[in-house]
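Enquirer: First the structure, which I've put down as structure tokens, then a few questions once you've had a look.
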Amino acid sequence: MVGSYGRFTLSLSNFQTNKLHILHYTKHHRQLQSTMSNVVLLTATLLALLAVTFTIFKPHQTLFAPPQLPASKDLLHASRILHVTGALGPESLVFDRHGGGPYTGVADGRILKWQGDELGWTDFAVTSSNRTECVRPFAPELEHICGRPLGLKFDKKSGDLYIADAYLGLKVVGPEGGLATQVLTEAEGQPFRFTNDMDISEDEDVIYFTDSSSVFPRRQFMLVLLHGDKTGRFLKYNKATKEVTVLLRGLAFPNGVALSKDGSFVLIAETSTCKILRLWLHGPNAGEVNTFAVVPGFPDNIRRNSEGEFWVALHVKGTRFSRWITSNAWIGKALLKVGFNFKQLHSSISGWKPHATAVKLSEKGEILEVLEDSEGKKLKFISEVEEKDGKLWIASVLMPFIGIYNL
Ligand SMILES: *[C@@H]1O[C@H](CO)[C@@H](O)[C@H](O)[C@H]1NC(C)=O
């Protein structure tokens, strides 16, 4: 029967101006099976409807594509690229108290130090002593053995480097580097599952840090988003008394941490909700938490500049589809059941179009500036923006390089 049901042509003309024509349904054979022709008609109608939907509503643009942001400056493609030779995923960047560095933690568990163009990157520290198998730049299945250093901060008084290792908890290493020692692995009897970022209050001698989930480890960060996981914690570690306190619990992927310039409040990026939360530490509102800012995507680390403003790196901008997924956990769980792989799931959140977006917030939470590489020409999936001496140093949890942008 193949070929005996005639021929039809579906022609879409002038796709841009929403005009659609279905043409020429021509019969070539006398004996036409009516069921077959019904199938063809139905298919043609469905195709036509789909075409109309895509032409008029542009779901591929409005649903999946990263949105264009008002007043954003598409400038970050002018960044200089600094390759992290032999490594991947420089997630956080930090300079030491003498301005040396930056230092960055990479996917194989090392912390590297940038020594300038001549020496390049040198090994500075590790968080695990069991590193015989840690030889590949990217091996997520070994992260719990090799360590995965994320947030980094120097204690300016001692020169010690504190490390939030996603698997091994809070660690510290002296100014000369080497093997980091353990500071903390749990709070209230509950082990950290996904230690992520921190800031240090020199005045209080306290470290504020996030444990992004009590269920999912870092290599399953997509599950934190897709499951609508709300088991993240925000904690405080007193260096003198060695006491750890849970300040906030039930958070939806708490991530970056930054103290305000005067130390009166601390910001926490809540990745799944696209919010920056503010917890008041001192003053009349001490202990209160509220929304400091809503950012146009999934925030990663936050860093304060010398003016007291904050740079927030967005892992990706939010699309209508990704917001729909992250605000309805059943959809994410359904997607997981279908068996999509990491790349497909990540695309469902990132909108199939890699890009880089950095948002500058005032001390009051207003969006002051949005800088982008909207086409992902140089930068994408950025995880931190560190401002120093008129330059932005831009990290990425997935790329093999950092970017340097002249302000
Ligand atoms: C060291 O790592 C290997 C896997 O690379 C593991 O089998 C072994 O148990 C680890 N040893 C210790 C002491 O953790």
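Enquirer: Is it the case, given these coordinates, that GLY283 is in contact with a Phe, Trp or Tyr (Cβ under 7 Å, 6 or more places away or on another chain) and over 27 Å from PHE95 (Cβ atoms)?
Expert: Values: in contact with a Phe, Trp or Tyr (Cβ under 7 Å, 6 or more places away or on another chain): no; over 27 Å from PHE95 (Cβ atoms): yes.
In short, no.
Enquirer: I've got another one for you. Are there any pairs, at least 6 apart or on different chains, whose C-beta atoms fall under 6 Å, with the first in region 121-143 and in contact (Cβ under 8 Å) with a residue 40 or more places away in the chain and the second within 10 Å of the ligand (Cβ to nearest atom) and of a type outside the set (Asp, Glu), and if so, which?
Expert: Between residues of region 121-143 that are in contact (Cβ under 8 Å) with a residue 40 or more places away in the chain and residues that are within 10 Å of the ligand (Cβ to nearest atom) and of a type outside the set (Asp, Glu), the close pairs are SER128/CYS146.
Enquirer: Confirm whether ASP123 is more than 16 Å from the ligand (Cβ to nearest atom), farther than 23 Å from ALA258 by Cα and part of a loop (DSSP other than H, G, I, E, B). Walk me through how you get there before you give the answer.
Expert: Details: more than 16 Å from the ligand (Cβ to nearest atom): yes; farther than 23 Å from ALA258 by Cα: yes; part of a loop (DSSP other than H, G, I, E, B): no.
For ASP123, the condition - more than 16 Å from the ligand (Cβ to nearest atom), farther than 23 Å from ALA258 by Cα and part of a loop (DSSP other than H, G, I, E, B) - is not met.
Enquirer: Do you know which residues across region 375-386 are in contact (Cβ under 8 Å) with a residue 24 or more places away in the chain, of a type outside the set (A, V, I, L, M, F, W, C) and either over 13 Å from TYR405 (Cα atoms) or crowded, with 21+ Cβ neighbours inside 10 Å (or both)? Walk me through how you get there before you give the answer.
Expert: Filtering region 375-386 for residues in contact (Cβ under 8 Å) with a residue 24 or more places away in the chain gives 375, 377-386.
If we keep only those that are of a type outside the set (A, V, I, L, M, F, W, C) as well, we get 375, 377-378, 380, 383-384, 386.
Correct list: GLU375, LYS377, LYS380, SER383, GLU384, GLU386.
Enquirer: Please determine, by comparing only the residues of region 92-117 that are open to solvent by 30 Å² or more (accessible area, probe 1.4 Å) and assigned to a strand (DSSP E or B), which one is nearest to the ligand (Cβ to nearest atom).
Expert: ARG110
Enquirer: Collect the residues in region 191-250 that are crowded, with 24+ Cβ neighbours inside 10 Å and outside any strand (DSSP E or B), keeping them in residue-number order.
Expert: Correct list: PHE192, PHE194, SER212, SER213, VAL224, LEU225, LEU226.
Enquirer: Those residues that are outside any loop (DSSP other than H, G, I, E, B), open to solvent by 20 Å² or more (accessible area, probe 1.4 Å) and hydrophobic (A, V, I, L, M, F, W, C), I need them from region 278-314; list them, please. Outline the logic, then answer.
Expert: From region 278-314, those outside any loop (DSSP other than H, G, I, E, B) are 278-280, 289-294, 297-304, 310-314; that's our starting set.
Still in the list and also open to solvent by 20 Å² or more (accessible area, probe 1.4 Å): 278, 280, 289-291, 294, 304.
Correct list: TRP280, VAL289, VAL294.
Enquirer: When you scan region 68-117, how many residues do you find that are at pLDDT below 95 and among the polar types (S, T, N, Q)?
Expert: The qualifying residues number 3.
Enquirer: What number of residues within region 118-130 are surrounded by 14 or more Cβ atoms within 10 Å (Cβ to Cβ) and either in contact with a strand residue (DSSP E or B) (Cβ under 7 Å, 6 or more places away or on another chain) or modelled with pLDDT under 95 (or both)?
Expert: Residues meeting the conditions: 5.
Enquirer: Check HIS346 against each of (1) touching a residue at least 24 places away in the same chain (Cβ under 8 Å); (2) within 25 Å of GLY120 (Cα to Cα) and name the one condition it does not meet.
Expert: That leaves (2) as the condition not met.
Enquirer: Mind listing just one residue for me: the one in region 137-185 that is away from the ligand (no atom under 16 Å from the Cβ), in a strand (DSSP E or B) and within 21 Å of the chain's Cα centre (by Cα) and, of those, surrounded by the most Cβ atoms within 10 Å (Cβ to Cβ)?
Expert: PRO149
Enquirer: Are any residues in region 208-242 among the aromatic types (Phe, Trp, Tyr) and in contact with a strand residue (DSSP E or B) (Cβ under 6 Å, 6 or more places away or on another chain), and if so, which ones?
Expert: Going residue by residue through region 208-242, those that are among the aromatic types (Phe, Trp, Tyr) are 208-209, 216, 221, 234, 237.
Once the filter is applied, which keeps residues that are among the aromatic types (Phe, Trp, Tyr) and in contact with a strand residue (DSSP E or B) (Cβ under 6 Å, 6 or more places away or on another chain), region 208-242 yields TYR208, PHE209, PHE234, TYR237.
Enquirer: Looking at region 266-293, I want the residues that are farther than 19 Å from VAL206 by Cα and have a partner that is surrounded by fewer than 20 Cβ atoms within 10 Å (Cβ to Cβ) and among the charged types (D, E, K, R) with Cβ atoms under 6 Å, at least 6 apart or on another chain. Which pairs are those?
Expert: Going by the 6 Å Cβ cut-off, the qualifying pairs are THR291/LYS275.
Enquirer: Could you figure out which of (1) in contact with a helix residue (DSSP H, G or I) (Cβ under 9 Å, 6 or more places away or on another chain); (2) of a type in the set (Gly, Ala, Ser); (3) within 16 Å of the ligand (Cβ to nearest atom) isn't true of SER129?
Expert: (1)
The values are calculated or read from the model by the stated rules, or taken from the named source; none is laboratory data. Here the structure is a predicted model, which is why all the values come from computation and not from measurement. We place every Cβ from the backbone using ideal geometry, glycine too, and count neighbours over all the protein chains shown. Ligands, DNA and RNA are excluded from the accessible area calculation, which covers all protein heavy atoms including side chains. Shrake-Rupley method; radii C 1.70, N 1.55, O 1.52, S 1.80 Å.
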